[in-house]
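The values are calculated or read from the model by the stated rules, or taken from the named source; none is laboratory data. For clarity, every value in this text was computed on a predicted model and none was experimentally measured. Note that we place each Cβ from the backbone using ideal geometry, even for glycine, and neighbour counts take in every protein chain shown. Each accessible area value is taken on the protein alone, full model and side chains, heavy atoms only, with ligands, DNA and RNA left out. Shrake-Rupley method; radii C 1.70, N 1.55, O 1.52, S 1.80 Å.
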Amino acid sequence: MSWGTELWDQFDNLEKHTHWGIEFVERYTKFIKERSEIEVNYAKQIRNLSKKYQPKKNSKEEEENKYSSCRAFLTTLNELNDYAGQHEVIAENLTSQIISELMRFVQELKAERKSHFHDGRKAQQHIENSWKQLEMSKRRFERDCKEADRAQQYFEKMDADINVTKADVEKRSSLKARQQAQLRHQMAEDSKNEYTSCLQKFNQEQNEHYYTLIPHIFQRIQDMEERRIEKVGESMKMFAEIDRQVLPIVGKCLDGMTKSAESVEPKLDSNQVIESYKSGFEPPGDVEFEDYSQPMKRTASENSLTNSRGEGKDKPSGKSKPKLWPFIKKNKGSGPEDCSHLPPEQRRKKLQAKVDDLNKEIQKEVDQRDALTKMKDVYLKNPQMGDPNSVDPRLSEISQNIERLKLEVQKFDAWLAEVEGRLPLRNDQSKRQSGLYDTQNNAPVNNNCAQDRESSPDGSYTEEQNSETQIKAPSTEFDDEFDEEDPLPIIGTCKVLYPFEGQNEGTMSVAEGEMLYVIEEDKGDGWTRVRRSEEEEGYVPTSYVEVFLEITKGAMTYI
């Protein structure tokens, strides 16, 4: 069906419809633009989310990647970042393949529509002018015919007058009326011929207008409209196809997330916790039954925590209280080079890792030395390629580096051998010292039990020394770290610089500007023991207070 034949009289409605069609394409283009903006913003938010939860370099989060669940999460973040990239691809393709194409198409469509309706209005104006000419010739013919009739009637009336006695003037009037009637008849005949000619011309032009010209123009408008509809359909298809094109990659991203989730191994992670925090110590032995008249002592098991740090020391006076180490946090410092601040098992791992790193560096230096040696041989055989002596400074530097690294390896190997073989040695010393103390006037035996030791935040162990040894009767409430004993003396004061909420056992909450008594200074673990009243004392971070010591308390710290 053709618009030229079916809608020959709907020029105005077609003009409105095609205008609406172009507006529809523009509205659809705006929809694609907004969808593209959504994809860009979504991709940006996804990338920011992935970046936000990426582990920071040289942070604890980076160390957590040894666990399979953390590695799986990191893989998920990376896949999510790639997933965001696919949404950026969608936005880019929407802009390049649909939006820009539709904008160009709309401009062409507007220009073509303007041309078609300009031709239609021109044809309409022409047929209207032809109709006006026909109407004018018709009215002229009608007027001339009426005037010819009136002139003929007037002549007939004058000619039928039987009064022969009229003057010659009257005879001349009758002749004049006859001539006027003939003239009017001639004019009417000419108007008739003109009207006939205009009518034939109009009918011909009207037939051409409604059966040739207008159908041709309307057909072009119809073709334009069908191309518009086809273009919209293609754009809608492309709209879906652009999404479908990224589905394989998006599927791979999702498959990667699924695969990383399936790689989580709870048993492996739980074993990794053992590998990370295993100290190598054994739990303390059973507490021996003793008479209350004798000092209480605890039997240390071999290779135990209480017997592995060296010779037994006398227990500090009753004025010193042991620390609770579970709540203390690690220092940010790296610790000594020999890693002696760590438990044996962790120390062994650190030293072994250091030895492995040094051996890798040595191998790199050896490879560079071999390469330079070969280069020097080539220069010796072919002097034109280079000066052999130019390689000597670098060879000398590499040799010095190798020697330095070997010395480092020997040093760490010695520490590694020490940590691998020191537990039995320390146990023997502990046994000998234990027997020695038993033979000296029934003096109380202190096997360095866990209650008499302090664990610093980095894992080092500190024990206090006092020039005076007090023999104190054992307490029945020995299961409490803060057992009933004489309070520690005040050794100074401190001013709180920052507020601190003590949420762990053994800590104390303080407010900014508060003045407190210092009863135990920092032993290198980052904590200072303070007192607010006789019944309220605890630990606060050393960096949160300004300490003013009045006396110095002797202490020896194993580092």
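Observations on the structure shown:
- Residues of the stretch 76-86 classified as over 27 Å from Glu241 (Cβ atoms) and open to solvent by 50 Å² or more (accessible area, probe 1.4 Å), total: 1
- In the stretch 532-545, the residues that are within 18 Å of Pro489 (Cβ to Cβ), touching a Phe, Trp or Tyr at 6+ places or on another chain (Cβ under 8 Å) and buried (at least 17 other Cβ atoms within 10 Å of the Cβ): Tyr539
- Residues in the stretch 242-267 that are over 21 Å from Ser36 (Cβ atoms), touching an Asp or Glu at 6+ places or on another chain (Cβ under 8 Å) and hydrophobic (A, V, I, L, M, F, W, C): Leu254, Met257.
- Scan of the stretch 268-311 for residues that are among the charged types (D, E, K, R), at pLDDT 70 or above, outside any helix (DSSP H, G or I) and surrounded by 13 or more Cβ atoms within 10 Å (Cβ to Cβ), ordered by number: Lys278, Glu282
- Failed item in (1) open to solvent by 60 Å² or more (accessible area, probe 1.4 Å); (2) touching a residue at least 24 places away in the same chain (Cβ under 8 Å); (3) under 21 Å from Ile32 (Cβ atoms); (4) charged (D, E, K, R), with Lys231 passing the rest: (1)
- Residue check for Ser137: of a type in the set (Gly, Ala, Ser), within 30 Å of Glu275 (Cα to Cα), touching a residue at least 40 places away in the same chain (Cβ under 8 Å) and assigned to a helix (DSSP H, G or I): no
Residue-wise test of (1) modelled with pLDDT of 90 or more; (2) part of a strand (DSSP E or B); (3) open to solvent by less than 20 Å² (accessible area, probe 1.4 Å).
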position	(1), (2), (3)
Asp480	no, no, no
Asp483	no, no, no
Leu488	no, no, yes
Lys495	yes, yes, no
Asn504	no, no, no
Tyr517	yes, yes, no
Val530	yes, yes, yes
Ile551	no, no, no
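- Any hit, the stretch 363-371, residues being touching a strand residue (DSSP E or B) at 6+ places or on another chain (Cβ under 8 Å) and open to solvent by less than 50 Å² (accessible area, probe 1.4 Å): no
- Residues that are in a helix (DSSP H, G or I) and either among the charged types (D, E, K, R) or open to solvent by less than 30 Å² (accessible area, probe 1.4 Å) (or both), drawn from the stretch 246-267: Val246, Val250, Gly251, Lys252, Cys253, Asp255, Gly256, Lys259, Ser260, Glu262, Lys267
- Residues located in the stretch 524-544, provided they are within 28 Å of Ser340 (Cα to Cα) and of a type in the set (Val, Ile, Thr): Thr528, Val540, Thr542
- Residues in the stretch 50-72 that are open to solvent by 80 Å² or more (accessible area, probe 1.4 Å) and without any contact (Cβ under 8 Å) to a residue 60 or more places away in the chain: Lys51, Lys52, Tyr53, Lys56, Lys57, Asn58, Lys60, Glu61, Glu62, Glu63.
- Of all residues in the stretch 336-386 being of a type outside the set (S, T, N, Q), outside any helix (DSSP H, G or I) and touching a residue at least 12 places away in the same chain (Cβ under 8 Å), the one that is nearest to Gln400 (Cα to Cα): Asp338
- Conditions (1) charged (D, E, K, R); (2) farther than 30 Å from Ser69 by Cα; (3) assigned to a helix (DSSP H, G or I); (4) open to solvent by less than 80 Å² (accessible area, probe 1.4 Å): number failed by Glu226: (4)
- Subset of the stretch 387-396 that is in contact with a Leu (Cβ under 7 Å, 6 or more places away or on another chain) and open to solvent by less than 60 Å² (accessible area, probe 1.4 Å) - its residue that is nearest to Leu407 (Cα to Cα): Leu395
- When the stretch 90-129 is filtered for residues that are in contact (Cβ under 8 Å) with a residue 40 or more places away in the chain, open to solvent by 50 Å² or more (accessible area, probe 1.4 Å) and of a type in the set (A, V, I, L, M), only Met103 remains.
- The set of residues in the stretch 140-164 being in contact with an Asp or Glu (Cβ under 9 Å, 6 or more places away or on another chain) and either among the hydroxyl-bearing types (Ser, Thr, Tyr) or touching a residue at least 40 places away in the same chain (Cβ under 8 Å) (or both) consists of Arg140, Phe141, Asp144, Ala148.
- The C-beta contact set for the stretch 193-221 (first residue within 18 Å of Leu7 (Cβ to Cβ), second residue open to solvent by 70 Å² or more (accessible area, probe 1.4 Å) and outside any helix (DSSP H, G or I), distance under 6 angstrom, 6+ apart or interchain) comprises Tyr210/Trp8; Ile214/Trp8.
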